[in-house]
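Here's the structure we're looking at; comments come further down.
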Amino acid sequence: MNYVITTEQLTKKYKKFTSVNNVSLHIRKGSIYGFIGPNGAGKSTTMKMLLGLTAPTKGSFTIDGKHFPDDRLEILKEIGSFIESPSFYANLTGRENLDIIRSAGF
Ligand SMILES: Nc1ncnc2c1ncn2[C@@H]1O[C@H](COP(=O)(O)OP(=O)(O)OP(=O)(O)O)[C@@H](O)[C@H]1O
Ligand SMILES: [Mg+2]
């Protein structure tokens, strides 16, 4: 198995609104994966589905060869997560906040 995470047509709808639309990912084992997209693109919703925090409306996924929903508990035993809310200084501009991060050398 070359992939640590795969998703197939993963979809989440909130009533009529589609938050995640037929996402099919293939993430290789041992890789660092940048999951990027505009605000509201559905990144957090996708992560919540992978972590069992919200149920997919459609589709399925595998984590390390274990298949959701059949192996749901086995998946949950083996994953940890940290969904971070970035902190920032509300009294500074976006550019000033980025300057602070840049100068801290992260
Ligand atoms: N519980 C919910 N009920 C209804 N709509 C929701 C819910 N959660 C998310 N959404 C909507 O689904 C869409 C995707 O949201 P999501 O939070 O997954 O985006 P995101 O890519 O993580 O955005 P950001 O970059 O701002 O973190 C947004 O339009 C959001 O308003
Ligand atoms: Mg998000």
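Readers should treat all values here as calculations from the given coordinates under stated rules, not as data from a laboratory. All figures in this text were calculated on a predicted structure; none of them were measured in a lab. Here the Cβ is made from the backbone with ideal geometry for all residues, glycine too, and neighbour counts use every protein chain on show.
Quick query: amide H of SER19 versus all other amide H atoms, modeled in the peptide plane; which residues come in under 5 Å with a sequence gap of 5 or more or a different chain?
HN-HN under 5 Å from SER19: LYS12, LYS13, TYR14.
What order do you get for 15-22, 50-57 when each peptide is scored by the mean count of other beta carbon atoms within 10 Å, highest first?
Details: 15-22: 12.2, 50-57: 15.5.
Answer by packing, highest mean first, reads 50-57, 15-22.
Considering the chain as a Gaussian network with a 10 Å cut-off on Cα pairs, which listed residue, PHE35, PHE88, PHE68, attains the greatest mean-square fluctuation?
Looking only at PHE35, PHE88, PHE68, the largest GNM fluctuation is found for PHE88.
What net charge is computed for the residues neighbouring ASP71, neighbours being all others with C-beta under 14 Å from the C-beta of ASP71, Lys and Arg scored +1, Asp and Glu -1?
Numbers: positive: LYS66, ARG72, LYS77; negative: ASP64, ASP70, GLU74, GLU78.
Cβ neighbours under 14 Å give a net charge of -1.
Taking θ = phi - 60°, what integer Hz values does the Karplus form 6.51 cos²θ - 1.76 cosθ + 1.60 yield along the stretch 67-76, in sequence order, with x for Gly and Pro?
9, 8, x, 4, 9, 3, 5, 4, 4, 5
Pull out the extension gain between GLU74 and LEU98, defined as 0.36 nm times the separation in residues minus the alpha carbon to alpha carbon distance; nm, one decimal. Please list the in-between numbers first.
Working: separation 24, 0.36 × 24 = 8.64 nm, distance 3.98 nm.
Full-extension gain reported as 4.7 nm.
Under Stokes-Einstein, with the Kirkwood radius over Cα pairs standing in for Rh, what whole-number D in µm²/s applies to the stretch 33-93 at 4 °C and 1.567 mPa s? Could the numbers behind the result be given before it?
Details: Rh = 13.6 Å.
Value of D from the Cα-based Kirkwood radius: 95 µm²/s.
In whole Hz, what ³J(HN,Hα) sequence does the stretch 91-104 give by Karplus (6.51, -1.76, 1.60; θ = phi - 60°), x for Gly and Pro?
7, 9, 6, x, 4, 5, 4, 5, 4, 5, 4, 4, 6, 6
With each label point set 7 Å from Cα along the Cα-Cβ vector, what nm distance links HIS26 and VAL4?
Here the answer is 1.8 nm between the modelled labels.
Say we join alpha carbon atoms closer than 10 Å with springs in a Gaussian network model of the chain; which of GLY34, GLY59, GLY80 then has the biggest fluctuation?
Its mean-square fluctuation being the largest, the pick is GLY34.
Let me confirm the definition first: pairs of Lys residues in the stretch 3-104, 8 or more apart or on different chains, C-alpha distance under 22 Å. How many are there?
So the count works out to 24.
Taking θ as phi - 60°, what are the ³J(HN,Hα) couplings along the stretch 13-25 by the Karplus curve (6.51, -1.76, 1.60), each to the nearest whole Hz, with x for Gly and Pro?
Along the stretch 13-25, the couplings run 10, 9, 6, 8, 7, 8, 8, 10, 10, 6, 7, 10, 10 Hz.
State the extension gain, in nm to one decimal, for the chain segment bounded by THR18 and ASN39, taking 0.36 nm per residue of separation less the distance between their alpha-carbons.
6.1 nm
For the peptides 25-33, 4-12, 39-47, 69-77, what is the packing order when you average, over each peptide's residues, the other Cβ atoms within 10 Å and list the highest mean first?
Highest-to-lowest ranking by the protection proxy: 4-12, 39-47, 69-77, 25-33.
Which value, to two decimals, describes the C-alpha radius of gyration of the chain once divided by 2.2 N^0.38 Å? Before the final figure, lay out each step's value.
Working: Rg = 16.6 Å, N = 106, 2.2 N^0.38 = 12.9 Å.
Output field value: 1.28.
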